[in-house]
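Trainee: Would you mind keeping the following structure in view while I ask a few things?
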Ligand SMILES: NC(=O)C1=CN([C@@H]2O[C@H](COP(=O)(O)OP(=O)(O)OC[C@H]3O[C@@H](n4cnc5c(N)ncnc54)[C@H](OP(=O)(O)O)[C@@H]3O)[C@@H](O)[C@H]2O)C=CC1
Ligand SMILES: Nc1nc2c(c(=O)[nH]1)N=C([C@H](O)[C@@H](O)CO)CN2
């Protein structure tokens with residue numbers, strides 16, 4: 001295995017919750033890329049960075065990631081300038097990538113006084129245009145055996161009456177999975193993870209929680225480890241591309 005197989009994995013939106021758990025896992029000794037034999041896993045463990053994250057707000061969790069050797073790049077994907085500045089910066093940090101996990105997301109919704117044009121543009125920008133531009137700009141940096149993972153949502157297939165633009169933008173991201181899986185084969189696999197409820201938010205009240213739990217047949221809120229497990233599975237697989245891992249507790253059969 002050539003030394004050129006050593007390449008960091010990029011996780012967007014790595015400052016909290018699922019993105020943070022995924023970045024911590026990829027930076028840990030629990031993660032071993034399938035294209036790397038044991039000797040090179042040892043080398044990879046000594047190479048910094050193994051993971052690059054993006055963040056908008058520099059919370060203590062970002063400082064902790066930096067202290068662990070992770071590179072953290074401040075990036076806001078709401079504008080084209082934010083996306084292109086980020087692409088330029090990531091290229092200054094590394095000539096190659098072992099994978100990209102498009103996790104950054106803004107779960108915005110239609111409210112009575114919302115600027116709907118702005119909302120729709122922002123959702124498409126963060127969830128579809130940013131992954132689209134980053135994948136195309138960085139495709140030459142992806143090593144053979146790399147993975148791209150798009151974090152989509154259960155609502156990509158079903159829509160959502162309360163998060164209409166968000167759902168449409170996740171559907172667009174799902175479609176990008178299909179195009180990029182075809183474009184980048186056979187060297188790079190491209191898949192989606194489509195969760196429904198994995199983590200509650202801090203301000204969710206008891207009645208919201210009960211209603212959300214009742215939507216799936218398994219009736220639990222499993223936490224970030226479920227997303228980490230799916231990421232690990234995708235990185236291990238040699239035959240999965242253009243697919244969706246539906247992490248929804250059987251919400252589709254309720
Ligand atoms: N949690 C769940 O139950 C579910 C999650 N998902 C999907 O899984 C992924 C992770 O979910 P979760 O951890 O809950 O997400 P969060 O909403 O908690 O975090 C998303 C991250 O995206 C970053 N972000 C938001 N807007 C922008 C922007 N304009 N530019 C750059 N970064 C941005 C935030 O950065 P910062 O914090 O620095 O501002 C944040 O760290 C998302 O794609 C989400 O849609 C889907 C279904 C269910
Ligand atoms: N970026 C985010 N997307 C989503 C979140 C979130 O907190 N941030 N949360 C959900 C919910 O868990 C939902 O699936 C159930 O209430 C969906 N997307």
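Trainee: Kindly check whether there is at least one residue in region 110-132 that is under 19 Å from the mean Cα position of the chain (by Cα) and surrounded by fewer than 17 Cβ atoms within 10 Å (Cβ to Cβ).
Mentor: Keep residues of region 110-132 that are under 19 Å from the mean Cα position of the chain (by Cα), which gives 122-132.
Next cut, surrounded by fewer than 17 Cβ atoms within 10 Å (Cβ to Cβ) only: none.
No: zero hits.
Trainee: Only one of 192, 214 is within 30 Å of residue 29 (Cα to Cα), modelled with pLDDT of 95 or more and within 16 Å of ligand 2 (Cβ to nearest atom); which? Working first, answer last.
Mentor: Numbers: 214 fails: within 30 Å of residue 29 (Cα to Cα).
Exactly one residue qualifies, and that residue is 192.
Trainee: Among the residues of region 206-217, is any under 17 Å from the mean Cα position of the chain (by Cα) and within 11 Å of ligand 1 (Cβ to nearest atom)?
Mentor: To start, the set of residues in region 206-217 that are under 17 Å from the mean Cα position of the chain (by Cα) comprises none.
Among the residues of region 206-217, not one is under 17 Å from the mean Cα position of the chain (by Cα) and within 11 Å of ligand 1 (Cβ to nearest atom), which makes the answer no.
Trainee: Sticking with this one: Quick check on residue 171: is it in a helix (DSSP H, G or I), away from ligand 1 (no atom under 11 Å from the Cβ), at pLDDT 95 or above and touching a helix residue (DSSP H, G or I) at 6+ places or on another chain (Cβ under 9 Å)?
Mentor: On the way: in a helix (DSSP H, G or I): yes; away from ligand 1 (no atom under 11 Å from the Cβ): yes; at pLDDT 95 or above: yes; touching a helix residue (DSSP H, G or I) at 6+ places or on another chain (Cβ under 9 Å): yes.
Criteria met by residue 171.
Trainee: Looking at 95, 186, which is the one that is more than 23 Å from residue 251 (Cα to Cα), more than 14 Å from ligand 2 (Cβ to nearest atom), out of contact with any helix residue (DSSP H, G or I) (no Cβ under 9 Å at 6 or more places or on another chain) and part of a loop (DSSP other than H, G, I, E, B)? I'd like the intermediate steps shown before the answer.
Mentor: On the way: 95 fails: out of contact with any helix residue (DSSP H, G or I) (no Cβ under 9 Å at 6 or more places or on another chain).
Every option except 186 fails the conditions.
Trainee: Just to be sure before I move on: is residue 242 in contact with a helix residue (DSSP H, G or I) (Cβ under 9 Å, 6 or more places away or on another chain), part of a loop (DSSP other than H, G, I, E, B) and within 14 Å of residue 149 (Cβ to Cβ) in the structure I sent?
Mentor: Numbers: in contact with a helix residue (DSSP H, G or I) (Cβ under 9 Å, 6 or more places away or on another chain): yes; part of a loop (DSSP other than H, G, I, E, B): yes; within 14 Å of residue 149 (Cβ to Cβ): yes.
Against the criterion (in contact with a helix residue (DSSP H, G or I) (Cβ under 9 Å, 6 or more places away or on another chain), part of a loop (DSSP other than H, G, I, E, B) and within 14 Å of residue 149 (Cβ to Cβ)), residue 242 qualifies.
Trainee: Residues 70, 101: which one is in contact with a strand residue (DSSP E or B) (Cβ under 8 Å, 6 or more places away or on another chain), within 16 Å of ligand 2 (Cβ to nearest atom) and under 19 Å from residue 235 (Cβ atoms)? Can you show your working first?
Mentor: Details: 70 fails: within 16 Å of ligand 2 (Cβ to nearest atom).
Exactly one of 70, 101 is in contact with a strand residue (DSSP E or B) (Cβ under 8 Å, 6 or more places away or on another chain), within 16 Å of ligand 2 (Cβ to nearest atom) and under 19 Å from residue 235 (Cβ atoms), namely 101.
Trainee: Which residue, of 166, 132, is part of a helix (DSSP H, G or I) and within 10 Å of ligand 1 (Cβ to nearest atom)?
Mentor: Numbers: 132 fails: within 10 Å of ligand 1 (Cβ to nearest atom).
Result of the check over 166, 132: 166.
Trainee: Here is a list: 200, 233. Which entry is within 28 Å of residue 31 (Cβ to Cβ) and either touching a residue at least 24 places away in the same chain (Cβ under 8 Å) or in contact with a helix residue (DSSP H, G or I) (Cβ under 7 Å, 6 or more places away or on another chain) (or both)?
Mentor: On the way: 233 fails: either touching a residue at least 24 places away in the same chain (Cβ under 8 Å) or in contact with a helix residue (DSSP H, G or I) (Cβ under 7 Å, 6 or more places away or on another chain) (or both).
After ruling out the rest, the residue left standing is 200.
The values are calculated or read from the model by the stated rules, or taken from the named source; none is laboratory data. Worth saying up front: this structure is predicted, and the values here are computed from it rather than measured. Neighbour counts run over all protein chains shown; Cβ positions are idealised from the backbone, glycine included.
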